[in-house]
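Q: The structure follows.
The values are calculated or read from the model by the stated rules, or taken from the named source; none is laboratory data. All of these numbers come straight from a predicted model, not from anything done at the bench. Neighbour counts run over all protein chains shown; Cβ positions are idealised from the backbone, glycine included. All accessible areas refer to the heavy atoms of the entire protein, side chains included, with ligands and DNA or RNA removed. Shrake-Rupley method; radii C 1.70, N 1.55, O 1.52, S 1.80 Å.
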Amino acid sequence: MKLNRFRLERYFSKHELSTPYLLCFSGCESMELGALLALEPGANEQFSSLWLGYAESLGHTDFR
């Protein structure tokens, strides 16, 4: 099976690094985690204490 080229990806590969303002881009700007956490007071401490285990099978109690 031969698929047609994805036009949007072709457009981005041609223009995304050569124009000062790419108004049609829908992704987010890349940044370091520390810079992201610095945007919210106390976020670093909250992130550091985040539990990364399994949730209950019925979902978190706050969302039920």
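Q: Helix-only mean residue ellipticity at 222 nm, the chain, DSSP H runs n ≥ 4 weighted -39,500 (n - 2.57), per residue, nearest 500. What is it? Don't jump to the answer; show the numbers that get you there.
A: Values: 3 runs with 20 residues, N = 64.
Roughly -7500 deg cm²/dmol at 222 nm, from the helical runs in the chain.
Q: Could you give the dipole magnitude of the stretch 1-45 about its Cα centre, charging the beta-carbon of Lys and Arg +1 and that of Asp and Glu -1, in debye to the nearest 20?
A: Values: 5 positive and 6 negative charges, 142 e Å.
For this selection, approximately 680 debye.
Q: Further, regarding this structure: If you rank Leu52, Leu3 by how much accessible surface each has, with a 1.4 Å probe, what is the order from largest down? Write out the running numbers ahead of the final one.
A: Working: Leu52 155, Leu3 125 Å².
Sorted by accessible area, descending: Leu52, Leu3.
Q: For the chain, give the percent of accessible area contributed by carbon and sulfur heavy atoms, probe 1.4 Å, rounded to a whole number. It would help to have the intermediate numbers written out before the result.
A: On the way: 3990 of 6920 Å².
Taking all protein chains in place, the chain shows 58 percent carbon and sulfur surface.
Q: Please calculate how many Å² of accessible area the chain carries per residue, with a 1.4 Å probe and no DNA, RNA or ligand atoms counted.
A: Numbers: 6920 Å² over 64 residues.
Normalised by residue count, the accessible surface of the chain is 108 Å².
Q: Further question: When Rg/Rh (Cα atoms, Kirkwood Rh) is calculated directly from the model, which label among [x] 1.20; [y] 1.25; [z] 0.98 fits?
A: Matching the structure shown: [x].
Q: Given 0.36 nm per residue, what is the gain on full extension from Leu8 to His60 after removing their alpha carbon distance, in nm? If you can, show how the numbers build up before the last one.
A: On the way: separation 52, 0.36 × 52 = 18.72 nm, distance 3.86 nm.
14.9 nm is the gain from fully extending Leu8 to His60.
Q: Just the accessible area for Phe6, please: 1.4 Å probe, Å², rounded to the nearest 10?
A: 130 Å²
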